[in-house]
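Have a look at the structure below before the remarks.
The values are calculated or read from the model by the stated rules, or taken from the named source; none is laboratory data. What you see is a predicted model; the values in this text were computed from it and never measured. Quick reminder, even Gly has a Cβ in these numbers, built from the backbone with ideal geometry, and neighbours come from all protein chains shown. Side chains are part of the model used for accessible areas, which takes the heavy atoms of the whole protein and leaves out ligands, DNA and RNA. Shrake-Rupley method; radii C 1.70, N 1.55, O 1.52, S 1.80 Å.
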Amino acid sequence: MNEHGHIPVLLNEVLETLAPRPGDVVVDCTLGRGGHAMALGQAIGPDGLLLGLDRDSENLAYASKRLQEAEIPASTIHDSFARVTEHVQALGRPANVVLADLGVSSNQLDDARRGFGFHDESPLDMRLDQQEQIDLTKLLAEIEESELAHLIRTYGEDPFANAIARKVAQERQTRPITTTGHLLDLVKEAYGPRARSSRLHPATRTFMALRIALNDEIAALETLLDRIGRGCESARTGGWLHPEARVGIISFHSLEDRPVKQAFAELDRRGLASRLTRRLVRPSDSEIQENPRSRSARFRAIRVSDPASPSG
Ligand SMILES: C[S@@+](CC[C@H](N)C(=O)[O-])C[C@H]1O[C@@H](n2cnc3c(N)ncnc32)[C@H](O)[C@@H]1O
């Protein structure tokens, strides 16, 4: 791990593909610890502008400080990328480069206070935005068993979703579930002897599913894809995307990658954008060795089509 608590994934591929230039407006939808933003920001020079968003106020503050110390012209906002259009429009300049690096950063996973990782005594929190009212403890106390099973099946693709939901529902009748260790034990019990033959930790899928559900991550991504689509349609008429904007998304599992792939293919088919990554871009073996958490990263990018340009 580096000093910032997170190593930006596919950094060279992102820079090469999104090609930030002096004077560009770059939008980093998921600022995190600022790894990608620093590299993108260094390319835009004093006339450029970097707009950074994050739902996590601690990450936002950390990245803002880094950008400020490096004298990168930046504006950072505590909000979801679902509202990216409004924030870019407020700048009065369309975006030339947009990046979204989905999910959570390593420091969030490693921070025992946040409850994202497998720390025994962490509170069951998992909120990306610390200002949200509902954390995982509250969700697990209130959700219907059938709804919980549905979430674990849909977002975690866990074959034992029903058994896990049943365990949670039984347990909470006698004892509230408030720590990650407690939930880990319940998932292990639901797996029974099958836990030993599972390649992943048996709770991996459940944890991911609950994080995605609690933070409404797929809905936010779908809204972003919708905004990108509208941005492509309106690029020639003063929309939030510049007529030759490059837009890239890094995802970490098929639930995220599938809608990205479909949305980009559709824009390409309609002649509104062209794909900059014909094939899925994945980390090299050496990147995975250096940063095992990059293993499941997948990058796709498009360029908005400008019918007025010879290459558009
Ligand atoms: C993988 S990290 C980004 C790391 C960053 N690229 C870097 O190099 O440091 C993902 C970040 O996105 C944030 N995030 C997740 N969903 C978000 C959303 N809908 N809107 C804004 N930020 C979001 C998380 O809080 C986290 O800080």
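Do the conditions hold for Arg33, that is, is it surrounded by fewer than 23 Cβ atoms within 10 Å (Cβ to Cβ) and not β-branched (Val, Ile, Thr)?
Numbers: surrounded by fewer than 23 Cβ atoms within 10 Å (Cβ to Cβ): no; not β-branched (Val, Ile, Thr): yes.
Judged against the criteria, Arg33 is not a match.
For (1) surrounded by 14 or more Cβ atoms within 10 Å (Cβ to Cβ); (2) at pLDDT 95 or above; (3) within 14 Å of the ligand (Cβ to nearest atom), each residue gets a yes or a no:
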position	(1), (2), (3)
Glu69	no, yes, no
Ile77	yes, yes, yes
Arg83	yes, yes, yes
Val98	yes, yes, yes
Gly103	yes, no, yes
Leu128	yes, yes, yes
Gln131	no, no, yes
Thr137	yes, yes, no
Leu140	yes, yes, no
Do any residues in the stretch 22-43 that are over 14 Å from Ser64 (Cβ atoms) have Cβ atoms under 6 Å from those of residues that are of a type in the set (S, T, N, Q) and more than 6 Å from the ligand (Cβ to nearest atom), where the two are at least six apart or on different chains, and which pairs are they? Asp24/Asn96; Val25/Asn96
Matching option when the condition is of a type in the set (A, V, I, L, M, F, W, C), surrounded by fewer than 21 Cβ atoms within 10 Å (Cβ to Cβ), in a helix (DSSP H, G or I) and within 16 Å of the ligand (Cβ to nearest atom), among Ala220, Ala195, Ala209, Ala213: Ala220
Would you mind stating whether Thr174 is farther than 19 Å from Leu255 by Cβ, in contact with a Gly (Cβ under 6 Å, 6 or more places away or on another chain) and not aromatic (Phe, Trp, Tyr)? no
Please count how many residues of the stretch 1-58 are within 12 Å of the ligand (Cβ to nearest atom), among the basic types (Lys, Arg) and touching a helix residue (DSSP H, G or I) at 6+ places or on another chain (Cβ under 8 Å). 1
Would you check if there is a residue in the stretch 51-62 being of a type in the set (Lys, Arg) and surrounded by fewer than 18 Cβ atoms within 10 Å (Cβ to Cβ)? no
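Okay, residues lined up against (1) within 16 Å of the ligand (Cβ to nearest atom); (2) closer than 19 Å to Ala19 by Cβ; (3) in contact (Cβ under 8 Å) with a residue 12 or more places away in the chain; (4) not assigned by TED's automatic domain parsing to the domain that holds Val97:
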residue: Leu224; (1), (2), (3), (4): yes, no, yes, no
residue: Glu233; (1), (2), (3), (4): no, no, yes, no
residue: His242; (1), (2), (3), (4): no, yes, yes, no
residue: Ala245; (1), (2), (3), (4): no, yes, yes, no
residue: Arg258; (1), (2), (3), (4): no, no, no, no
residue: Leu272; (1), (2), (3), (4): no, no, yes, no
residue: Leu276; (1), (2), (3), (4): no, yes, yes, no
Any idea which of Thr174, Thr154, Thr137 is of a type in the set (S, T, N, Q) and free of Cβ contacts under 8 Å to residues at least 24 places away in the same chain? Thr174
Which of the residues spanning the stretch 105-115 are within 13 Å of the ligand (Cβ to nearest atom), surrounded by fewer than 24 Cβ atoms within 10 Å (Cβ to Cβ) and not in a helix (DSSP H, G or I)? Asp111, Arg114
Of the conditions (1) small (Gly, Ala, Ser); (2) more than 10 Å from the ligand (Cβ to nearest atom); (3) modelled with pLDDT under 95, Ala61 clears all except one; give me its number. (3)
Does any residue in the stretch 63-83 that is polar (S, T, N, Q) come within less than 6 Å, Cβ to Cβ, of a residue that is near the ligand (Cβ under 9 Å from one of its atoms) six or more places away or on a different chain, and which pairs are these? Thr76/Leu60; Ser80/Arg55; Ser80/Ala220
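For the stretch 143-152, check the following and say yes or no: at least one residue is away from the ligand (no atom under 16 Å from the Cβ), modelled with pLDDT under 95 and not assigned by TED's automatic domain parsing to the domain that holds Arg300.
No.
With Ala209, Ala163, Ala195 as the choices, which residue is within 21 Å of the chain's Cα centre (by Cα) and of a type in the set (Gly, Ala, Ser)?
Ala209
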Of the conditions (1) in a loop (DSSP other than H, G, I, E, B); (2) hydrophobic (A, V, I, L, M, F, W, C); (3) over 19 Å from the mean Cα position of the chain (by Cα), Ala90 clears all except one; give me its number. (1)
Scan the stretch 260-286 for residues that are assigned to a helix (DSSP H, G or I) and open to solvent by 30 Å² or more (accessible area, probe 1.4 Å) and jot them down. Lys261, Gln262, Ala265, Glu266, Asp268, Arg269, Asp285, Ser286
